[in-house]
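J.: Got a structure here, written out as structure tokens. Questions coming.
Only the coordinates and a few stated rules stand behind these numbers; no lab work does. These numbers were taken from a predicted model, which means no experiment stands behind them. Because the Cβ atoms are built from the backbone with ideal geometry, glycine has one as well, and the counts that use them run over all protein chains shown.
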Amino acid sequence: MGETEAGATRALVLHPDITSDRNRRDATFALNEAVSLAVALPGIEVVGADSIRLPKPTPGTLFGSGKVEELGQRIKADDIGLVLIDGQLTPVQQRNLEREWKTKLLDRTGLILEIFSDRAATREGVLQVEMAALTYQRTRLVRAWTHLERQRGGLGFVGGPGETQIEADRRAIDEQLSRLKRQLEKVVKTRTLHRAARAKVPFPVVALVGYTNSGKSTLFNRLTGADVVAKDMLFATLDPTMRAIKLSTGREVILSDTVGFISDLPTQLVAAFRATLEEVLEADLILHVRDISHPETDDQSANVLGILNDLGVQEATPQIEIWNKIDVLDDEARAAREAEALRKDDIQAISALTGAGVEEFVLAVTEKLDLDRQVATVEIDHADGKKRAWAYEQGIVLSETRLEDGVELTVNWTSVQAARFSRL
């Protein structure tokens, strides 16, 4: 039931277009993104997608009784095995709709958790997903948690036994959360050691950020030659991929590719993936990749900048905005965007796919890293040998003068390196 001949689950995607919500997105774009989310989950075949206008949500079932019955008939007729609601469902709404429609249901948070679970590649990523899932489930107590013990596969929201699955015990979830936190602390500690070792490399860290599916991984591959997953799929990258590379200008940098951001990302997921995005916090330069061909590119950009702010990225960190996918635009629109980018500082119009504009973009990266550097003089007490050693490891020391109680260093550093030095 609810499966195709190939074994995929037949899914119906529904976007509630709540007209009383003044901040609601364009229903067409929102539905398209929701379908992309669904397609990103393995084993799912989207056989239908609709946007449903609602004056306001019905507390018990989200939709009105007539619409619930109408959708139920469609679900039965089309042999739907999974309904994906592009919005947040209350536990009561989810339980009532599953009982009424006799099928599994996932809201936006549940779907994103499933995708994160499937994509997470490192131990830390897996632990973060499991903790986020448990936090989500703890508020619901309508799904069992034991599936998290599995080494592979999704979180079990889709593939579990459904109605017969017993409710998770709150104490068991808390115990599981405590165990995962202890494991994560060990992993993060190891990761901190790795990051400290990487800090000794005198190369600046350049972080790629952007809305999901903006082309970050394609650009990363073009610059590094690395075989990083680059698909037309949301959340194709979850764990940061880092490479030390020499740009065509001769500048050596560490390039970091990160998970794509998305609107309405559940708060528990932002918190869970904070450590995954630590590379951005430590970056000397942030490259904000935008899909300039997307109708909602401005909203996507605002979403990315909002999350960067929430993560605590300092305004002092230099940024370059990359207008990607200019090859998708028609000739007139492309010419207009390229002309606009030329008029503005720190904007580069490129196509990561075709390579158009990439050479100029690399020049801009090199110039930005060099322009941000400034010469300064700092005094270091004899007791602060760690700071002196760090400065030499970074390769930023121009000269050293001995003082009675320490040394005076003349350094050529970036604002990010200056901030790191003050924190040592």
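J.: To check you understand DSSP bridge types, tell me what percent of the beta bridges within region 9-113 (both residues inside) are antiparallel, rounded to 5.
T.: 5
J.: Related question: Which FRET efficiency value, to the nearest 0.05, is calculated for LEU363 and ARG22 with the Förster distance at 51 angstrom and r the Cβ-Cβ distance?
T.: 0.70
J.: Same structure again: Could you compute the FRET efficiency for VAL92 and GLU315, with r as their C-beta to C-beta distance and R0 at 35 Å, rounded to 0.05?
T.: 0.25
J.: Given R₀ = 56 Å, what would the calculated FRET efficiency be for ARG179 paired with GLU332, taking r from the Cβ atoms and rounding to 0.05?
T.: For ARG179 and GLU332, the calculated efficiency is 0.45.
J.: Where Lys and Arg each count +1 and Asp and Glu each count -1, what net charge lies around GLU379 among other residues with Cβ under 14 Å from its Cβ?
T.: Taking every Cβ under 14 Å from that of GLU379, the sum is -3.
J.: What number comes out for the charge environment of ARG74, summing +1 per Lys or Arg and -1 per Asp or Glu over other residues with Cβ under 14 Å away?
T.: -2
J.: If I histogram all Cα-Cα distances within region 9-113 using bins 10 Å wide from 0, what percent of pairs lands in each bin?
T.: For region 9-113, the binned pair fractions read 15, 52, 31, 2 percent.
J.: If each residue's Cβ is checked for other Cβ atoms within 10 Å, how do TYR211, TYR136 rank with the fewest at the top?
T.: TYR136, TYR211
J.: Let me check I've understood the local charge: for ASP345, count other residues with C-beta under 13 angstrom from its C-beta, Lys and Arg +1, Asp and Glu -1. What total comes out?
T.: -1
J.: Could you give the nm distance between label points at HIS382 and SER415, where each point is 7 Å from its Cα heading toward the beta carbon?
T.: 3.7
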